[in-house]
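Working notes, structure below.
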Amino acid sequence: MLRTLTRRVMASPAFAPAGPVLLRGRHRPVLAAGTGGGVGTVSVGGRGRLGGRPAAAAATAAARGRGGRAGRAVGPARLPPTAEADAAAAFAAAGPSCDEEDVCTLPPPPAGVSPASDGAAAATAAGADATTTLPGHPRFLAPTDGVGGTRPNIVDVLRSRGLVDAVTGEGDTLRDAARKPLTVYVGFDPTADSLHLGNLLGILTLAWFARAGHKPVALVGGATGRVGDPSGRSTERPLLDGVAIQRNLDGIAANIRQVLDAQGGAAGEPVVVLNNHDWLGGISFLDFLRDVGKHTRVSGMLAKDSVRTRLASDDGMSFTEFTYQLLQAYDFAYLSDPPHNVRVQAGGSDQWGNITAGTELTRKLRGGRVVHGLVFPLLTRSDGKKVGKSDAGGATWLTASKLSPYEFYQHLRRLAEEVTRLVHGEAGVAAALAATAVAAPGRTGAGADTLTADALEAIAADVPGSVLTRADVVGRTVVDVMAAAGLQSSKGEARRLIKNGGAYVNNAKVPAVDAVVGEADVIDGRLLLLGAGKKNKMLVRVEP
C-alpha cells in the first residue's frame, strides 16, 4: 500500500516537504532547473520512467516538458539561454540520488543556477507549461494557464501529482474548459459511518480544484446508498435501513469537512455538501423509467466493466445493482442544471463507467450540454486490491472515534506524520506524536513530566490494562501495585525488577524497592503507567 500511497501524499494540497521525498514509479523527482535546492518533478504520465532515462534525455525532458502522456514540465523552471542553462541542464541530467527504498534526494544546485521567482515566465518562454507542485510556496503559484490567468490549470496540477488516470473528451477539452471557473463534484456513498484512507484521494481532488479557483461539491448518496454500487464488488452490498444510512451520511459529511478544514479550507472555495436523496427520493419509478430509462441502451449498460465482471460471477447481479449506474448518471444531469451548474465529475478509476454514463445522459437530456469526467488511480494495497473497509487488520478510518490519530499514525508509519496532518490537522499530529512517545520502547527519564491523560487514553487499546481502586494504589508501594495490577506475577518478582533497575512508573525509573505511589503520580486523578523493562507497559485505571 505504501508504494501507491507515497505518490498520493504528494497529491495533497498540504504537502510541502523540506527534505527528502519518497517517490516511486513514474514520478521520481527530476529537477526542473533553478528550484534552489527544492524538489521538482517532471510528470511523465503513461509508462515512461524518467528516472531510468539516459542523462541527456532526462535533461532534455526537464527543459522541454516532454515525457509520456502528461507532457508537462512541472515546477518553476528557469531556462536562460546562457551558460546558466548549461549548468542547469547538467544538474537536471544528474537527477536525484535514490536508495533501494526509493527515498530520493537532490544535490544542491551548481554555482550560477539561482532560485527563480519568475520561473513560470521563463518556462513559458521555453515552450513548457509550468504548474504548481508545492502549494503554499509563492514560487510555485505563479500565474499560468488556469482560472483568470492567475492560477495553474487544474488538469496540469492533477497530472503533475499523479491524480489523472483518464479524462473524457478529445484532446485537451477539459483543460481548455478549466481556464474558467468550473463546479466539480465527487460522490461518496454512505456504506459506513466514516470514510477511510481509500476515500482520501477524492477529498484531496476537491481540495486541488478549490485551490485552482474552482467550486468543489461533495455529493453524499442518501439515495444511491440504498441501492449499492456494484463497481469493484464481487458480491452484492448488504442493504441498509434509513436510520443507518442517515448516521453514515452525517459521519462522512463530517469527514469531508474535517479533512478540508485541516488544510485551511483548501485555501479556496468552501466545499458544498449535497445529498442526492433530495432529488432522487421524490421521483416515481414510472417517471424515472419514462424520463431517464428511454435515453439509455441496455447494450451500453452491459458493456460496463463492473457489470460484465459481476454477470460472469457465480452470484450474478441483481436488477437493483444493475440500475445503479442510471441513478449516478442522473445525478450528473441534475447537478449540471442551475443553481449548481456542475460541469465536472471526478472519481476513482473504478467509476469510469458510471461517470461516462453520466456525461452521455446529460448530453441527451440537456440538449447536447457538454460535461466532463476525470478519474484518478485507486489507492491500492501491495496485493493490487484497492484500499477499503475490509482491509486485513482493519480499515484505516478517517474518524478519530473509530481510529485515533495515534492508531492512524501507526497504520502509515513512514508517511504517518504528513497523512495524519491531512486528515486530523496539527492537533491530531501532536496527539499522535505524544501517544507514540508514551508507548515507544525505551521511553524513560523525565517522562512523568510530559505524560498527559489524552496521550495515555490514545494508547489504551494497544497496551495491557488493569483497574484498581484508589486505596490499592495511592500510598502503596510500587511492589504492591505491580503485583496487584498483574504486571508482575508476585511481589518477589516486582522487588527483583526494581533492584535490577527495570521498573518504571509513568516512564520514570523506580529508585528503590520501598518507593511509594503518591497522589501526584496518578495522572488526571485516574491513570497510572507502569513499566517492566523498556517494552512491557501497563495502563492502570484508578477508580474511587
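Restricting to the stretch 474-501, count the residues that are in contact with a helix residue (DSSP H, G or I) (Cβ under 7 Å, 6 or more places away or on another chain) and either hydroxyl-bearing (Ser, Thr, Tyr) or part of a loop (DSSP other than H, G, I, E, B) (or both). Matching residues across the stretch 474-501 total 3. State all residues of the stretch 331-350 that are over 28 Å from the mean Cα position of the chain (by Cα) and either at pLDDT below 95 or open to solvent by 10 Å² or more (accessible area, probe 1.4 Å) (or both); if no residue qualifies, say none. Within the stretch 331-350, TYR334, ASP337, PRO338, PRO339 meet the criteria.
In the condition set (1) in a loop (DSSP other than H, G, I, E, B); (2) of a type in the set (Gly, Ala, Ser); (3) open to solvent by less than 10 Å² (accessible area, probe 1.4 Å), ALA455 is compliant with all but (1).
Can you pull out every residue in the stretch 198-228 that is assigned to a helix (DSSP H, G or I) and farther than 16 Å from LEU260 by Cβ? Once the filter is applied, which keeps residues that are assigned to a helix (DSSP H, G or I) and farther than 16 Å from LEU260 by Cβ, the stretch 198-228 yields GLY198, THR224, GLY225, ARG226. Every listed requirement among (1) touching a helix residue (DSSP H, G or I) at 6+ places or on another chain (Cβ under 6 Å); (2) in contact (Cβ under 8 Å) with a residue 60 or more places away in the chain is met by ILE203 save one, (2). Got at least one residue in the stretch 469-486 being open to solvent by 60 Å² or more (accessible area, probe 1.4 Å) and of a type in the set (A, V, I, L, M)? Scanning the stretch 469-486, I find at least one residue that is open to solvent by 60 Å² or more (accessible area, probe 1.4 Å) and of a type in the set (A, V, I, L, M), so the answer is yes. Scanning the stretch 489-506 for residues that are crowded, with 20+ Cβ neighbours inside 10 Å and either closer than 19 Å to VAL474 by Cβ or aromatic (Phe, Trp, Tyr) (or both) gives ALA494, ILE498, ALA503, TYR504, VAL505, ASN506.
Say we look at the stretch 351-374 and pick out the residues that are of a type in the set (A, V, I, L, M) and open to solvent by 30 Å² or more (accessible area, probe 1.4 Å); which of these is farthest from LEU326 (Cα to Cα)? By that ranking, first place goes to VAL370. Taking the criterion of being touching a residue at least 60 places away in the same chain (Cβ under 8 Å) and not in a strand (DSSP E or B), the residues of the stretch 458-473 that qualify are ILE459, ALA460, VAL463, PRO464, ARG470, VAL473.
Screening the stretch 242-304 for helices (runs of 4 or more DSSP H) wholly inside it with 3 or more residues that are more than 24 Å from GLY353 (Cα to Cα) returns the ranges 242-262.
Taking first residues from the stretch 395-406 that are under 9 Å from ALA192 (Cβ atoms) and partners that are among the basic types (Lys, Arg), the Cβ contacts under 8 Å between residues at least 6 apart in sequence or on separate chains come to ALA395/LYS389.
The values are calculated or read from the model by the stated rules, or taken from the named source; none is laboratory data. No experiment lies behind these values; they were computed from the predicted model shown. All Cβ positions, glycine included, derive from the backbone under ideal geometry; neighbour counts span all protein chains shown. Heavy atoms of the whole protein, side chains included, go into the accessibility calculation; ligands, DNA and RNA do not. Shrake-Rupley method; radii C 1.70, N 1.55, O 1.52, S 1.80 Å.
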